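Presented below is the structure to which this report refers.
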Amino acid sequence: VQLQAYGGGLVQAGGSLRLSCAASGRTFSSCAMAWFRQVPGKEREFVAALSWSGRSTSYADSVKGRFTISRDNAKNTVYLQMNNLKPENTAVYYCAAQLYGGASDYPTMYNYWGQGTQVTVSS
């Protein structure tokens with residue numbers, strides 16, 4: 001599975017962005033998908049995950065109620081809708097995939113990673 005994340009950019013605090021992650025291959029519908037983020041000098045941090053079945057989701061406490069993960073299997077794409085963005089949400093956002101996975105928040109559970117897209121939130 002190859003992943004391509006895009007949709008990042010510069011936005012003011014309180015604004016919204018939607019990240020997309022397009023996957024290649026015919027196994028996308030069997031993959032759990034997740035978003036992580038990282039800032040320089042810090043470890044990669046869990047943001048949101050969606051199980052392969054689509055029945056389970058999980059979110060970091062800091063984004064609950066503001067971010068929503070979803071998928072479109074027909075388009076081989078997973079999305080992260082981010083609303084009410086805050087300056088502390090500034091990071092490089094990565095999408096990740098795991099075949100037949102659950103909505104795990106552990107980065108080591110994911111076998112495939114995209115290249116990341118920069119999100120910058122100005123105050």
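The values are calculated or read from the model by the stated rules, or taken from the named source; none is laboratory data. The structure displayed is predicted, hence computed values, not measured ones. Here Cβ is always computed from backbone atoms with ideal geometry, including for glycine, and neighbour counts include all displayed protein chains. Surface accessibility is based on the protein's heavy atoms, side chains included, excluding ligands, DNA and RNA. Shrake-Rupley method; radii C 1.70, N 1.55, O 1.52, S 1.80 Å.
A few notes on this one:
- Screening the candidates Tyr106, Tyr79, Tyr112 for the property of being open to solvent by less than 80 Å² (accessible area, probe 1.4 Å), within 14 Å of the chain's Cα centre (by Cα) and aromatic (Phe, Trp, Tyr) yields one hit, Tyr79.
- Residue match in segment 53-71 (condition: within 16 Å of Gly7 (Cβ to Cβ) and among the polar types (S, T, N, Q)): yes
- Filtered by the rule that a residue be surrounded by fewer than 17 Cβ atoms within 10 Å (Cβ to Cβ), part of a loop (DSSP other than H, G, I, E, B) and touching a helix residue (DSSP H, G or I) at 6+ places or on another chain (Cβ under 8 Å), segment 7-53 gives Ala13, Arg44.
- Members of segment 63-76 found to be touching a residue at least 12 places away in the same chain (Cβ under 8 Å) and open to solvent by 30 Å² or more (accessible area, probe 1.4 Å), listed by number: Thr68, Ser70, Arg71, Asn73, Lys75, Asn76
- Checked against the criterion of being in contact with a Pro (Cβ under 6 Å, 6 or more places away or on another chain) and modelled with pLDDT of 95 or more, segment 97-118 has no qualifying residue.
- Within segment 82-101, considering residues that are within 15 Å of Ala23 (Cβ to Cβ) and within 9 Å of the chain's Cα centre (by Cα), the one surrounded by the fewest Cβ atoms within 10 Å (Cβ to Cβ): Tyr94
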